[in-house]
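Every number in this text was worked out from the coordinates using simple rules, so none of it is lab data. All values reported here derive from a predicted model rather than from experimental measurement. Reconstructed Cβ throughout: ideal geometry from the backbone, glycine too, with neighbour counts over all protein chains shown.
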2 protein chains.
Amino acid sequence: MAITLYDLAGAEDDRRFSPFCWRVRMALAHKGLAVDARPWRFTEKDAIAFSGQSKVPVIVDGGKTVFDSWAIAEHLDAAYPEKPLLMATPRERAVTKFVMAWTDTVLHPAIFRIVALDIHDHLHEKDKAYFRKTREERFGTTLEAFVAGRDEKLAALRQCLTPLRTLLSGQPFLCGEAPAYADYVVFGAFQWARAISPARLLAEDDPVAVWRRRLLDAFGGMAGAARGYPA
Amino acid sequence: MAITLYDLAGAEDDRRFSPFCWRVRMALAHKGLAVDARPWRFTEKDAIAFSGQSKVPVIVDGGKTVFDSWAIAEHLDAAYPEKPLLMATPRERAVTKFVMAWTDTVLHPAIFRIVALDIHDHLHEKDKAYFRKTREERFGTTLEAFVAGRDEKLAALRQCLTPLRTLLSGQPFLCGEAPAYADYVVFGAFQWARAISPARLLAEDDPVAVWRRRLLDAFGGMAGAARGYPA
């Protein structure tokens with residue numbers, strides 16, 4: 001039976017733009033597990049109230065509910081150890097958490113400064129006021145002011161990618177010769193942006209762009225086929 | 001027989017301040033291997049000419065010469081697989097390289113902007129002109145101008161540590177419950193600074209400072225006993 005994923009969607013059901021849900025989508029593909037990825041909007045708190053919290057990703061796997069992308073990755077390896085592992089050793093998990101911390105605290109904010117208004121513009125009507133209010137409170141300014149000066153913010157993003165670029169100049173994936181969970185954590189950030197923003201985050205010849213293309217093409221082109229702007 | 005390490009030293013033989021040599025020192029301690037860490041100065045190119053290049057760390061292990069801290073780590077695991085492994089799987093090595101890329105391209109430059117002149121001031125007299133010339137050419141300014149505005153640069157360093165701080169708020173070491181190579185890569189940067197600069201890089205209650213203390217105390221307090229300023 002397919003695993004159910006509550007997956008953040010925009011105005012259209014197939015515009016999926018949560019970086020955290022993308023981690024799960026890629027993790028499920030890595031393990032070859034079927035998914036029923038149901039569109040979910042920010043304001044549909046009731047639909048996931050059974051999980052005991054208010055954010056996606058949430059999965060239902062048989063009788064088990066799991067939320068939080070990291071917990072879901074750990075669950076998938078524990079529940080399906082015979083499928084390709086996302087992280088094979090405690091130390092892989094520990095060091096992958098550094099990649100996740102960097103993604104969450106450096107990469108996501110750098111992208112958000114570019115795409116925050118684009119997110120708003122691609123939301124379902126019923127989510128727009130919620131998103132604007134919560135984000136403007138968090139950032140202490142309007143979405144419009146928050147994203148002003150895109151060229152400068154794009155330069156800052158490309159600068160903050162230096163460690164990733166350095167790494168990917170020497171190996172095809174974060175995880176080495178083949179992708180695994182650390183790759184999906186970082187890739188989720190780019191799928192988020194691609195789903196809702198026409199901004200070209202990367203120069204074509206950037207090793208990060210070459211790596212992104214590999215993951216867009218992975219698993220039969222699953223991520224590349226998702227609704228969004230050209231990468 | 002002890003492994004010989006050519007180890008960058010300052011004015012005093014026991015002031016060892018290369019972040020890359022510290023990676024090796026910690027790696028050797030992790031594996032429980034004895035070391036003869038010989039003081040070496042920037043201008044003693046002849047002493048390591050046998051390695052075919054001009055930088056430390058260089059080790060001589062029996063008949064084998066290995067240079068570059070990463071190559072040395074891989075050598076130690078390959079040559080001593082029965083000793084605790086620095087990195088146990090190809091994926092651990094791959095993801096650890098991200099930690100290394102972050103350290104080399106984000107952390108080291110942030111520290112260098114604070115300590116560059118302190119390095120100069122702690123060098124052996126015969127190294128001072130070489131260091132000043134090569135670094136001033138690289139940075140296009142004097143060492144004095146390069147480090148001006150320490151408070152601002154200290155704030156920038158602490159800011160760039162956010163991913164590490166986030167990680168270490170949830171686990172004792174980068175590598176999880178016990179330290180391994182990813183820890184030593186990052187720790188080397190702090191040993192470098194501590195050896196030659198009185199600057200207090202970290203607030204006492206910073207989780208990064210708590211982690212650093214664990215590594216200063218590891219292996220019988222080896223790193224903590226090294227000549228330098230209070231951490």
Does the stretch B:81-92 contain any residue that is touching a residue at least 24 places away in the same chain (Cβ under 8 Å), under 16 Å from B:R23 (Cα atoms), in a helix (DSSP H, G or I) and under 18 Å from the mean Cα position of the chain (by Cα)?
no
Taking the stretch B:153-182, which residues are in contact (Cβ under 8 Å) with a residue 40 or more places away in the chain, closer than 20 Å to B:F112 by Cα and not hydrophobic (A, V, I, L, M, F, W, C)?
B:K153, B:R158, B:P163, B:R165
Checking the structure you have, find out if any residue of the stretch A:110-126 is within 18 Å of B:C160 (Cα to Cα) and within 14 Å of chain B (Cβ to nearest Cβ).
yes
I'd like the residue in the stretch A:208-231 that is within 26 Å of A:D121 (Cα to Cα) and of a type in the set (A, V, I, L, M) and, out of all such residues, is surrounded by the fewest Cβ atoms within 10 Å (Cβ to Cβ).
A:A225
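Hand me the list of helices (runs of 4 or more DSSP H) wholly inside the stretch B:98-195 holding 1 or more residues that are under 26 Å from A:F173 (Cα atoms) and hydrophobic (A, V, I, L, M, F, W, C).
On the way: elements: B:108-122, B:125-139, B:143-146, B:150-160, B:162-168.
In the stretch B:98-195, the matching helices (runs of 4 or more DSSP H) lie at B:150-160, B:162-168.
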Kindly check whether there is at least one residue in the stretch A:208-215 that is touching a Gly at 6+ places or on another chain (Cβ under 9 Å) and under 25 Å from A:V95 (Cα atoms).
yes
Within the stretch A:5-61, the count of residues that are in contact with a Pro (Cβ under 7 Å, 6 or more places away or on another chain) and either assigned to a strand (DSSP E or B) or among the basic types (K, R) (or both) comes to 5
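Give me the residue from the stretch B:122-138 that is surrounded by fewer than 16 Cβ atoms within 10 Å (Cβ to Cβ) and free of Cβ contacts under 8 Å to residues at least 60 places away in the same chain and, out of that set, nearest to B:W40 (Cα to Cα).
Of the residues in the stretch B:122-138, the ones surrounded by fewer than 16 Cβ atoms within 10 Å (Cβ to Cβ) are B:125-126, B:129-130, B:133-134, B:137-138.
Those left that are additionally free of Cβ contacts under 8 Å to residues at least 60 places away in the same chain: B:129, B:133-134, B:137-138.
Details: B:A129: 16, B:K133: 19, B:T134: 18, B:E137: 23, B:R138: 22 Å.
Result: B:A129.
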Go through the stretch B:167-181 and give me each residue that's surrounded by fewer than 18 Cβ atoms within 10 Å (Cβ to Cβ) and facing chain A (nearest Cβ under 7 Å).
B:Q171
Among all residue pairs at least 6 apart or on different chains, which show Cβ distances below 7 Å where the first residue, located in the stretch A:189-207, is under 15 Å from A:T103 (Cβ atoms) and the second is in a loop (DSSP other than H, G, I, E, B) and among the hydroxyl-bearing types (S, T, Y)?
A:W192/A:S18
Against the condition within 13 Å of chain A (Cβ to nearest Cβ) and under 14 Å from B:A182 (Cα atoms), how does B:E74 come out, does it pass?
no
